[in-house]
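The block underneath contains the structure these notes are about, expressed in structure tokens.
The values are calculated or read from the model by the stated rules, or taken from the named source; none is laboratory data. Here the structure is a predicted model, which means the values were calculated and not measured. Because the Cβ atoms are built from the backbone with ideal geometry, glycine has one as well, and the counts that use them run over all protein chains shown.
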Amino acid sequence: MHELIEKHNPWWFGREDITINAWRSQRIRWVPKWIHEISLTPFSFNIITGSRQVGKTTGIKLLIQQLVEQNPPESVFYFNCDFLPDIHALRKLLETYMEFKRSKGLATSYIFLDEITSVPEWWRILKGFIDLGAFEKDVVTVTGSSSLRLRGETELFPGRRGEGRTICVYPLSFREFLEVHGVQVEATGDLEKDMRRLLPLESTIRELFNRYLEAGGYPLSINSHPSAEEQFIAAFEGEILRAGRSLQLTKEVIAAIIRKAPSPTPYLAIGREIGISYKTVQEYVELLKRLLILDEALYRSDAIKWRKERKFFFLDPFAARTLALWVDEKPLEAALYEWVVQAHLQRRFGAVYYYRDSYEVDCIARDLKIEVKAGKPHRRYPKKVMILDREALPLFLSVIV
């Protein structure tokens with residue numbers, strides 16, 4: 001255990017971490033903004049969630065680098081919990097570090113437990129240490145895949161979080177994608193005015209938007225890593241299996257969603273197509289939602305219609321394209337455009353809806369009503385509906401998030 005701990009914490013010995021070395025070698029690199037949201041005030045118990053491959057570990061290592069510059073190196077402790085077989089090993093790990101901390105006379109420490117969900121019932125050990133006051137002068141941060149959300153484990157610490165926060169890490173939005181490529185965009189909240197101000201940069205933004213549709217917001221894909229798709233699928237399959245679900249059924253549900261997009265679709269229609277109950281379809285969709293892969297737009301007119309068919313949309317274009325390859329389907333261009341708008345509105349406003357009657361509105365969020373077109377619109381829409389064709393779409397996405 002001692003040897004493994006030392007390998008996880010090279011800054012104790014004045015050495016640079018391998019993850020930081022890899023980050024420095026990337027052609028396109030950035031310091032993620034979410035690391036500044038982590039509470040560093042003792043006592044804090046922070047929980048970081050997000051899909052694998054989204055850059056959680058790199059973000060944590062960049063924060064550690066900053067902490068080591070301002071604190072004794074031994075006060076910053078990191079461990080990848082994929083190495084731990086059970087909760088007994090987790091307890092031993094924490095006892096070992098806390099004893100080491102005492103021997104060094106450290107008052108406050110910063111403890112990072114990466115991929116904590118690899119340890120079944122990990123929360124029992126953390127709750128026990130917190131209840132005993134073992135961390136009262138410390139900052140504890142755990143990261144995990146979205147299975148933290150799957151099992152509701154983020155809610156298992158009522159009154160035990162101190163100043164801690166829960167942070168969800170998403171792939172980069174298009175505006176963030178522009179920023180890491182050196183294009184800074186200022187948004188005032190007046191969408192049409194902000195979009196007009198970007199017209200001098202329109203050709204650059206459109207070129208980067210075409211790249212974004214391929215690369216999405218994942219670090220490996222943005223850097224054109226040759227194994228980006230392979231690593232994404234391997235991590236995704238691991239999450240499905242850990243959740244106790246069938247890879248084959250997951251494929252069939254995703255394939256049916258892609259084939260029907262961007263049309264509204266009920267669970268029942270998907271179930272009939274692949275020969276399973278609508279309840280099973282609903283369970284698999286919920287799994288994909290909690291894994292931050294997919295979400296839904298419900299029908300809304302004067303009120304939300306919970307029982308009507310819904311529109312499904314992927315939260316990242318790279319994830320959508322890679323999963324389409326995984327299930328041997330090809331999404332329509334119109335679907336890709338609509339998905340990226342829905343995903344950005346969902347991140348900005350928390351929920352997105354659609355409307356269909358004498359005319360259709362693809363995306364409704366708060367007071368925004370948006371129709372997305374791969375080409376030019378062939379009908380008239382009410383005055384308050386914003387029409388986004390392939391020319392206006394990149395400008396809109398530049399200023400919405």
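Annotations
- Listed by first and then second residue, the pairs with beta-carbon distance under 8 Å, at least 6 apart or on different chains, first residue in the range 159-170 and under 10 Å from residue 39 (Cβ atoms) and in a loop (DSSP other than H, G, I, E, B), second modelled with pLDDT of 95 or more and of a type in the set (D, E, K, R), are 165/37.
- Listed by first and then second residue, the pairs with beta-carbon distance under 7 Å, at least 6 apart or on different chains, first residue in the range 382-401 and in contact (Cβ under 8 Å) with a residue 40 or more places away in the chain, second small (Gly, Ala, Ser) and crowded, with 18+ Cβ neighbours inside 10 Å, are 401/173.
- Within the range 235-249, being part of a helix (DSSP H, G or I) and over 16 Å from residue 292 (Cβ atoms) holds for 241, 247, 248, 249.
- Selected residue (only one of 291, 315 is modelled with pLDDT under 90 and closer than 24 Å to residue 145 by Cα): 291
- Selection status of residue 292, touching a Ser or Thr at 6+ places or on another chain (Cβ under 9 Å) and assigned to a loop (DSSP other than H, G, I, E, B): yes
- Qualifying residue in the range 215-224 (condition: farther than 22 Å from residue 292 by Cβ, buried (at least 17 other Cβ atoms within 10 Å of the Cβ) and touching a residue at least 12 places away in the same chain (Cβ under 8 Å)): no
- Residue 239 satisfies every condition listed in (1) under 30 Å from residue 28 (Cβ atoms); (2) at pLDDT 95 or above except (2).
- The single condition among (1) among the small types (Gly, Ala, Ser); (2) without any contact (Cβ under 8 Å) to a residue 24 or more places away in the chain; (3) out of contact with any Ser or Thr (no Cβ under 8 Å at 6 or more places or on another chain) that residue 271 does not satisfy is (3).
- Yes/no for residue 145 being in contact (Cβ under 8 Å) with a residue 40 or more places away in the chain and not aliphatic (A, V, I, L, M): yes
- Some residue of the range 344-351 being in contact with a Pro (Cβ under 8 Å, 6 or more places away or on another chain) and either surrounded by 14 or more Cβ atoms within 10 Å (Cβ to Cβ) or not assigned by TED's automatic domain parsing to the domain that holds residue 218 (or both): no
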